[in-house]
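A short worksheet on the structure shown next.
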Amino acid sequence: MLISTGKRFVQAPFESEAELENVVVQNYEYIFGPSSIYLPKGKISTPDGAATIPDGFAFDVANKQWFIVEAELAKHNVWSHIAPQVAKQITAALKPESKRYLIERIIALVRDDDSIGRKFEEEDIEPIDIRKVLDEILSTQPLLGMPIDAVSADLREWASTSVKLETKLWIVRKHVDLADPKNIIYELPEEYRPAFDSHE
């Protein structure tokens, strides 16, 4: 329970995966770091043309790494829902066409949003070099980034042994006001620290 000036907040389940996804989109810098850029959902395809739509892609400009992002609810079955979905997304994201698509989306963001351009400036990356830096980032192995409301034993085991990518799990929690359930606060990880990192 969280208590603030007479208000009491208790942990509550997310109403839907879309609610969790929206929290991630609105607060991605608190998960992937202040130098990160987030691309919300976009359709990509496997080499044989099977379409898939990851919840997003995050690019950490400072650390030169990128994430395939899949926000999940712990109630979803690891083996029948999460694992096959992520496998398809990884296969599709590694295609050269998918990488070109992601670069063009970021270039469009830089053009339209000064705050995105400043993230490159803060890392001493000149505008003329942005495309080159993005190519370098996308030439590295992506990480799987999964914001989730709880980490089950099966999820931890799958992330440790079955996923080909380094996997980071961040716990995002929802709390509602006992007196007014429409008054909601969300709990995000401190200092971008994942609850689980397969690399560690």
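Worth a mention:
- Accessible-area composition of the chain, carbon plus sulfur, in percent [1.4 Å probe]: 49
- Neighbour-limited loop hits for trypsin sites (Lys or Arg not before Pro), region 116-200 (at most 13 other Cβ within 10 Å; DSSP other than H, G, I, E, B): 164, 182
- Counted over all Cα-Cα pairs of region 103-200, pairs farther apart than 16 Å make up 70 percent.
- Set the Cα radius of gyration of region 46-124 against 2.2 N^0.38 Å, with N its number of residues, and you get 1.30.
- Per-residue SASA entry for residue 64, accessible area with 1.4 Å probe, Å² rounded to 10: 80
- Dipole of the chain, positive end: most advanced residue of 101, 159, 16 [Cβ charges, Cα centre]: 16
- Looking at the chain, the accessible area is 53 square angstrom per residue; that uses a 1.4 Å probe and ignores ligands, DNA and RNA.
- Restricting region 119-200 to chymotrypsin sites (Phe, Trp or Tyr not before Pro) in coil, as DSSP defines it, with at most 14 other Cβ within 10 Å: none
- Anchor residue 43: aspartates and glutamates whose Cα lies under 12 Å away (excluding residues fewer than 8 positions away in-chain): 55, 97
- With N counted as the residues of the chain, its alpha-carbon radius of gyration over 2.2 N^0.38 Å works out to 1.07.
The values are calculated or read from the model by the stated rules, or taken from the named source; none is laboratory data. Small disclaimer: the values here were computed from a predicted structure and weren't measured. Don't worry about glycine lacking a Cβ; one is built from the backbone with ideal geometry, like all the others, and counts go over all protein chains shown. Heads up: the accessible areas ignore ligands, DNA and RNA and are worked out on the full protein's heavy atoms, side chains in. Shrake-Rupley method; radii C 1.70, N 1.55, O 1.52, S 1.80 Å.
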